[in-house]
Every structure is written in C-alpha cells, then in structure tokens.
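Below is one structure, written out as structure tokens; the observations come after it.
The values are calculated or read from the model by the stated rules, or taken from the named source; none is laboratory data. Predicted model only: the values in this text are computed from it and were never measured. In this analysis, Cβ positions are derived from the backbone assuming ideal geometry, glycine residues included, and neighbour counts consider all displayed protein chains. What goes into the accessible areas is simple: the full protein's heavy atoms, side chains included, and nothing from ligands, DNA or RNA. Shrake-Rupley method; radii C 1.70, N 1.55, O 1.52, S 1.80 Å.
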Amino acid sequence: MTVAVEDLEDKDLDELIANGSLDAVKQENVDPETMIQYYRHLFPWRLLFQWLNHGPVPQKDFTDREFAFTLPNDAYVRYLSFQSWEELKKEAIGMCPSRFEIGPVYSVNPRDRKTLRKASFRPLQKELVFDIDMTDYDDVRTCCSKTNICEKCWSFITVAVEIIDVALREDFGFNHILWVYSGRRGIHAWICDEMARSMDDRSRKMIAGYLQVVAGNPQGGVRILNNLKRPLHPHLSRSLDILKSVFAKVVLEDQDPWVSEVGAENLLKLLPSESLASALRKKWEMDPGRASIKKWSDIDAAIASGNFDLSPNVIAHAKQDIVLTYLYPRLDVEVSKHLNHLLKSPFCVHPGTGRVCVPIDIQDMSSFNPLCVPTVHTLLSQLDQQSVTHSNSLQNAPSSPSAGETSNPSSTASISTDLDPFTAYFRSFSNNLSKSTTHNKRKADPLEF
C-alpha cells in the first residue's frame, strides 16, 4: 500500500527518513522540477550559510557540518558536507532533494569519516532544538485532528512558543532563538547561542526535562502532568500567569472541550473530590450541551455552596493543574536530547503542503497564520509574472548604453515575492548571531585582530 506524504505526521515522516524506509511513501504535491526551480531562484542559500557559518569566510562551523538529503527516489543520503554555499546550492539543484536536514558539526569532515577510526569521528556542536507538533494536542483540541490545522488550534502553538521562549531567555540566558514553521502543523526552535551549540547530551537532556511538564497518558485520554509540587517552581508560576490570561479564549471558547459527555468526564477525572465530581455530573446531565466556560464556573459555584469539605487551596491547585494539562507546551523532547539529531532546514518545502518552512520573528508570533504561509507554487508563479513584466519593461524602455550594460533580464535580484519578509528577518537574525559570535571570540582572545 502506498501512503501519501500528506497523510503522514511530521514525526512519522522523520522516523521513516531516519530509518531509510521511504519506499511506501508517495510524494506527489511538489514535483522535482518545481523544487529545482525553487532551489535555483528562491532558496536563500547565502543566508543559510551565514547563519550556520557565523562569519563571512567559510570555517569548520559550516564546512564540517553534516547535511542529509531526502531524494525523489526515496533514498536518504547522510554525511554530506560542503565547502561553500555555492557548492551546497549546486548539489541541491543536481540531486533535487524533496527536503534536507541539518546535523552537527563533526570533529572531521563528514565525507572523510570512513577513512578514520570510529572514535575519531564525533559530533562537536549543534544548535539546541525543540519541536512542538499540533498532533500532540489532539486529546484537547476539538476543531481539528491529525494533520489538519486552523487558526483556532494554532493558538496552542502560539502560547507554547511564548512559554518556551521566555523560559529559554530568562532562565537560561539564551538570546539567539530562531523559531521556524515546520510547513504543516508544527514549529521548531533553534537555539543558536554558542553555549547552546556546545552543550553535550547530558546538558540537553536536563534542559528538555526542565521544560517538560505535560507527559503522555498510558491509559489514553487527556495527558497528565509530571509530578508537580507546591509551591510551584518560578518557571511554572510564570507560565501559569501567561496561560491563565488566554485559557478562557483558547480552550474554553475556541475548543469547548467539555461540552460533550466524554469531554466532561475528562474534566471530572481531574477534580480532587469524587463527591464534587458526582454533583457536577448530575447537574450537567440535566443540561446537555452546557458550554465549557459555564462548566468551569460551575466548579467554583459548587465549592462556594459549602457542601464539600475542600479547602480553597485544594480546588485552586486543581484548577491550576487543569490549565497546565490543557495548555502547557507539549514538547517532543527526544528531538532535543541528542547532539547528533538532525532537523529539517529552514526554507525547506513541506512535500505534503507545498508550504515553505519560514522563520518567524517572535514579535510577530501572535499574528502568524500558518495557512497564509507562501507555497512554492505561489512563489514560482510570482517569480514568473514579475520576470515577464520586468522583461517587457526593459524592451519598452528608451535605449541607453548604461541601462543595457547593467540590466540583466534573467536576474531575480529586483523581483519581490511573498518570501521576502521571511528572508529579511532571517538576514537580520543571522547578522546579529554573527556579530555576537565575533564579539565573544574577541573577548576570549583579545590579541586576535
């Protein structure tokens, strides 16, 4: 049986790629010729180089970095490396990967690994990465499921980004955090600070564990919290302040998760008293279809009646736990734990949706709409239309030696597309990262000029 890429979850696709078993996957939304044109005319190769290289002159941060290509025939080619962005671009146009991943910087050039002893070939550094996928919210979102997304459920991702971004900056001191849309229904974080890049697996696991609060539920249903203790850690208290401000809108109104009998039972299981749960169950059975926001208020009203021997703290803590359970970021922590983990490159094209994996300015996260992200087909159409217009304007312009000498009808430098705002942000991010890296090197070696 052949499975279409758009029917696969991103993490399933990643696993198939890593195992080299893409034989049963049919990639039909983006054809190879389209990808060739995208790689030739629109992919920001130079900016990708500047981001990974941390400077204008090629150095080991780029030249000893692993790249992995997923080819149209489903082959997965690992341990590729390149001496320049021009070489990477040429190889991508020639091999036409449907997507490619970025791995660590190794102790030696990855292409030379077979000529060395195994112990001599080891990963040295890579960005700390995080992955948040919408399918991990399927137990609490009602508007969509599986591979589908809409603006309502994307709010879960928006809130998750705010929580994780604040924690990474305030609790760990990171400054250079690149958020990248995955192309369908998730988002990736690349923490690019030098300290993050040089962390070993143990340090990565510690940070991932620090940020993981919601865990899977072996019994099914709504996920459960890791063992929380009171008083709450400052990170969780800060997160709760953020979550409580949007809980009513994002969860109670947009998702209305407890309007059904099954949904209501999920809520009742999280209450600290069976007698309270039983009373609320009877009340809601008499009012089928009662909105979630009213059921949330019913809990407080029941406690205020004085019929239950529960302290205010107990019910307050229970409601805090419910907010965290439904809205706290759900991380795929396995992605973050290992230095040698590969992750899809920014500006790749998702083979199932055709959308570009664009970087997002954290300041614009609240207004970001994944359904409005440009697709490769739209971008190439814009390129074609403007190329024709540009060519016609040159033909109709008065003849001028200077114009004729400097104009190039085939150039795309003066052509704008919907990708421009994202490449502009990526350029700014990469420039700031390079300046920070250079500054740190000068501090470490004051005699270096």
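Observations, loosely collected:
- Test for Thr147: is it among the hydroxyl-bearing types (Ser, Thr, Tyr), surrounded by fewer than 18 Cβ atoms within 10 Å (Cβ to Cβ) and not in a strand (DSSP E or B): yes
- Being among the small types (Gly, Ala, Ser) and surrounded by 16 or more Cβ atoms within 10 Å (Cβ to Cβ) holds for only one residue in Ala248, Ala301, Ala279, and it is Ala279.
- Taking first residues from region 111-131 that are under 16 Å from Glu66 (Cβ atoms) and without any contact (Cβ under 8 Å) to a residue 60 or more places away in the chain and partners that are assigned to a helix (DSSP H, G or I) and not small (Gly, Ala, Ser), the Cβ contacts under 6 Å between residues at least 6 apart in sequence or on separate chains come to Phe121/Arg113.
- Cβ-Cβ under 9 Å pairs, at least 6 apart or on other chains, region 142-162 side without any contact (Cβ under 8 Å) to a residue 12 or more places away in the chain, far side part of a helix (DSSP H, G or I) and open to solvent by 10 Å² or more (accessible area, probe 1.4 Å): Cys144/Lys152; Ser145/Thr135
- Scanning region 312-340 for residues that are more than 33 Å from the chain's Cα centre (by Cα) and either at pLDDT below 90 or among the basic types (Lys, Arg) (or both) turns up just one, Pro312.
- The set of residues from region 346-367 being more than 20 Å from Leu47 (Cα to Cα), in contact with a strand residue (DSSP E or B) (Cβ under 8 Å, 6 or more places away or on another chain) and open to solvent by 30 Å² or more (accessible area, probe 1.4 Å) comprises just one member, Thr353.
- So Gln255, is it open to solvent by less than 10 Å² (accessible area, probe 1.4 Å), of a type in the set (S, T, N, Q) and either over 30 Å from Lys205 (Cα atoms) or outside the structural domain of Gly103 (by the TED database) (or both): yes
- Selection within region 108-131 - outside any strand (DSSP E or B) and buried (at least 16 other Cβ atoms within 10 Å of the Cβ): Val108, Asn109, Pro110, Arg113, Phe121, Lys126, Glu127
- Test for Gln386: is it closer than 23 Å to Phe156 by Cβ, modelled with pLDDT of 70 or more, among the polar types (S, T, N, Q) and open to solvent by 50 Å² or more (accessible area, probe 1.4 Å): no
- When region 221-243 is limited to residues that are touching an Asp or Glu at 6+ places or on another chain (Cβ under 8 Å) and part of a loop (DSSP other than H, G, I, E, B), the one that is surrounded by the fewest Cβ atoms within 10 Å (Cβ to Cβ) turns out to be Gly221.
- Residues that are part of a helix (DSSP H, G or I) and either of a type in the set (A, V, I, L, M) or open to solvent by 30 Å² or more (accessible area, probe 1.4 Å) (or both) within region 201-220 comprise Asp201, Arg202, Ser203, Lys205, Met206, Ile207, Ala208, Gly209, Tyr210, Leu211, listed in sequence order.
- Scan of region 34-58 for residues that are in a helix (DSSP H, G or I), under 12 Å from Leu380 (Cβ atoms), open to solvent by 10 Å² or more (accessible area, probe 1.4 Å) and of a type in the set (A, V, I, L, M), ordered by number: Ile36
- Of all the residues in region 132-144, those that are out of contact with any helix residue (DSSP H, G or I) (no Cβ under 7 Å at 6 or more places or on another chain) and in a loop (DSSP other than H, G, I, E, B) number 3.
- Residues that are assigned to a loop (DSSP other than H, G, I, E, B) and surrounded by 15 or more Cβ atoms within 10 Å (Cβ to Cβ), drawn from region 60-98: Asp64, Leu71, Pro72, Asp74, Ser81, Phe82, Ser84, Cys96, Pro97, Ser98
- Within region 161-194, considering residues that are under 14 Å from Asp332 (Cβ atoms) and touching a Leu at 6+ places or on another chain (Cβ under 8 Å), the one surrounded by the fewest Cβ atoms within 10 Å (Cβ to Cβ): Ile164
- Residues being polar (S, T, N, Q) and open to solvent by 50 Å² or more (accessible area, probe 1.4 Å) are entirely absent from region 314-330.
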